[in-house]
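The values are calculated or read from the model by the stated rules, or taken from the named source; none is laboratory data. As the structure is a prediction and not an experimental result, all values here were calculated from the model. Note that each Cβ is placed from the backbone with ideal geometry, even for glycine, and that neighbours are counted across all protein chains shown. Note: accessible area is taken over every heavy atom of the protein model, side chains too, but ligands, DNA and RNA are not part of it. Shrake-Rupley method; radii C 1.70, N 1.55, O 1.52, S 1.80 Å.
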Amino acid sequence: MRLLRVREMVRKEFIQLFRDKRNRPILIIVPFIQLLIFGYVMTTDVRTVRVGFLDQSMTRESRMLFDTLNANRTFDVTFTPDRPSDLERRLLERKIDIAVKVPPDFSGRIRKGETAAVQVLTDGTRSHMSSMMIAYTTMVINDLNRKLLGELYPYRLQYGRIDARIRPWYNPDLYSRNFFVPGIVAFLIMILSLLFTSMAIVKEKEIGTMEQLIVTPITPADLILGKTIPYIIISIIQMCLVIVFAVFWFDIPLVGSVTLLFLGILLFLLSTLAIGLFVSTISSTQQQAMMTTFFFILPLFMLSGFVFPIENMPPLVRVLTYLNPARYILVIIRGIFLKGVGLSALWHQYLALTVLGLVLFNGAARRFRKRLD
C-alpha cells in the first residue's frame, strides 16, 4: 500500500462525488431537512388535549370538574354537547381527544360520601397518546378529589404520609425532543455513509471504470481505503454540522465530552462503511445497491432501541440486537449528550463497537478483495 496511490484515489473520489450535481444537495441540505422534520415530528409530548364534556348532573360539583379541566393548560374544553351520541361521534371523528361524561347522580353520591363515577373515553388507536392523556386526566381528577375532601371534612387530618419527591435526572422537563434528536444524529450519519459507500463502488462497475482501476498498479487495500476515506471525512463534517444544528437550533444540551462523541461516531462509521462495502459486493447496479441498503437500514433502525425499548423485545430478538452497531452508538450519544458520562460508564459500548466494526470491516474487505482478484 502506498500513500500516494491512496491520496490520488481519495482525490478522484471527491471529484467524482461532487461532479454529479444531484449529490451536492443530498450531502449538504438533506441532513438538515431530515433533522428539522424528525426533530419537530418525532415527539410524544402532549401539549394540548381537546376535551368534550357532557354534563348530565348540572350541579356545582360537576361545574367544578369542568372548571378544573378548563383551567389546566394542557386541557381545552372545546365541545359541550347535550347528548352522549354527539360526544361519541366527535371522538370518532377525531375532533376531540378525550370525552368526559358526568352522570346525573354525580353530586348526590359525593354529598353522601360515596364514590361517584366519571366516564373518560379516549381513542385507543393512538395507544401511547391515550395513555398519556388518561394519566393527565387522572392527575386533574385527583386534585379535585383533594379539594372536595377538604370541603366535606374541613378539619385538619393528622396522619403519617409518604412524601414522594420525584425528580427526573438528565432531562428534568421530560422533553421527548431531548431523547429523539441525539438519536436522529446517529441515524442521519448511518444512512448517508451506508448509502454513499455502496453506491460509489457500484457506480464504478456501471460506468465500466472498475476494470480500468483493476489493471492499474493500485492494490485492493489502496482501493478500499481510497473509496472509504472520502465518506469518513464527509460523515465527520456532516456530524459536526448536524450536532451544531441540534445544540443551537433545538437547544439539546451537550454536557459530555465532544472528543468521546467523535470517537464513538468514528467507531460506528467503521461498521456502517463495512456494511456499505458489503452491499457493493453483492449489487450490480446502483438501483440494486439502493434497495439492498434500505433492506439493512430498516432492521438496524427497528432493533436499535431508538423508539422501541430493547428490554421489551422477545429474548431471541434481544440477542440479535447485540449485532446491531446502532444499539451501541445510541447509548453513547444519549449518554454524552444528556448525562455527560465518560468512558467509565460507556467503555462496554466502545468495546462492542470496536469489535463489531473490525469484524464487519475485515469481512467486507475480504469479500471485496476476492471479487477484485
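Please count how many residues of the range 88-114 are part of a loop (DSSP other than H, G, I, E, B) and under 25 Å from Leu149 (Cα atoms).
6
With the structure loaded, tell me whether Val247 is more than 10 Å from Ile336 (Cβ to Cβ), in a helix (DSSP H, G or I) and either of a type in the set (Ser, Thr, Tyr) or at pLDDT below 85 (or both) or whether it fails that test.
No; evaluated as a whole, the condition is false for this residue.
Of the residues that sit in the range 178-235 and are open to solvent by 40 Å² or more (accessible area, probe 1.4 Å) and not in a helix (DSSP H, G or I), which one is nearest to Phe296 (Cα to Cα)?
Thr219
Yes or no, residue by residue, for (1) assigned to a helix (DSSP H, G or I); (2) in contact with a Lys or Arg (Cβ under 9 Å, 6 or more places away or on another chain); (3) free of Cβ contacts under 8 Å to residues at least 60 places away in the same chain:
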| residue | (1), (2), (3) |
| --- | --- |
| Thr272 | yes, no, no |
| Gly276 | yes, no, no |
| Ile297 | yes, no, no |
| Leu323 | no, no, yes |
| Ile332 | yes, no, no |
| Ile336 | yes, no, no |
| Ala345 | yes, yes, yes |
| Tyr350 | yes, no, no |
| Leu360 | yes, no, no |
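What number of residues within the range 66-82 are among the hydroxyl-bearing types (Ser, Thr, Tyr) and assigned to a strand (DSSP E or B)?
The first filter runs over the range 66-82 and keeps only residues among the hydroxyl-bearing types (Ser, Thr, Tyr), leaving 68, 74, 78, 80.
Next cut, assigned to a strand (DSSP E or B) only: 78.
Matching residues across the range 66-82 total 1.
Filter the range 260-269 down to the residues that are open to solvent by 50 Å² or more (accessible area, probe 1.4 Å) and modelled with pLDDT under 90 and list them by number. Break it down stepwise before answering.
In the first step, residues of the range 260-269 are kept if they are open to solvent by 50 Å² or more (accessible area, probe 1.4 Å); the result is 262-263, 266.
Result: Phe262, Leu266.
Which residue, of Ser57, Ser131, Ser62, Ser85, is open to solvent by less than 30 Å² (accessible area, probe 1.4 Å), hydroxyl-bearing (Ser, Thr, Tyr) and not in a loop (DSSP other than H, G, I, E, B)?
On the way: Ser57 fails: not in a loop (DSSP other than H, G, I, E, B); Ser131 fails: open to solvent by less than 30 Å² (accessible area, probe 1.4 Å); Ser85 fails: open to solvent by less than 30 Å² (accessible area, probe 1.4 Å).
Testing whether each residue is open to solvent by less than 30 Å² (accessible area, probe 1.4 Å), hydroxyl-bearing (Ser, Thr, Tyr) and not in a loop (DSSP other than H, G, I, E, B) leaves just Ser62.
Please tell me if Leu273 is farther than 24 Å from Thr44 by Cα and not β-branched (Val, Ile, Thr).
On the way: farther than 24 Å from Thr44 by Cα: yes; not β-branched (Val, Ile, Thr): yes.
So Leu273 fits the description; yes.
Looking at (1) under 22 Å from Asn362 (Cβ atoms); (2) open to solvent by 60 Å² or more (accessible area, probe 1.4 Å); (3) modelled with pLDDT under 85; (4) not aromatic (Phe, Trp, Tyr), find the lone condition where Ser280 falls short.
Condition (2) is where Ser280 drops out.
When the range 27-54 is examined, which residues are found to be open to solvent by less than 60 Å² (accessible area, probe 1.4 Å) and closer than 30 Å to Ile201 by Cα?
Result: Leu27, Val30, Pro31, Phe32, Gln34, Leu35.
Read through the list (1) open to solvent by 20 Å² or more (accessible area, probe 1.4 Å); (2) modelled with pLDDT of 85 or more; (3) part of a helix (DSSP H, G or I), then give the number of the only condition that Gln288 fails.
Just one mismatch for Gln288, condition (2).
Restricting the range 300-331 to residues that are β-branched (Val, Ile, Thr) and under 14 Å from the mean Cα position of the chain (by Cα), which is farthest from Pro253 (Cα to Cα)?
Step one: of the range 300-331, the residues β-branched (Val, Ile, Thr) are 307, 310, 317, 319, 321, 329, 331.
Retained after the next criterion (residues that are under 14 Å from the mean Cα position of the chain (by Cα)): 307, 310, 329, 331.
Working: Val307: 20, Ile310: 25, Ile329: 17, Val331: 16 Å.
Here the residue is Ile310.
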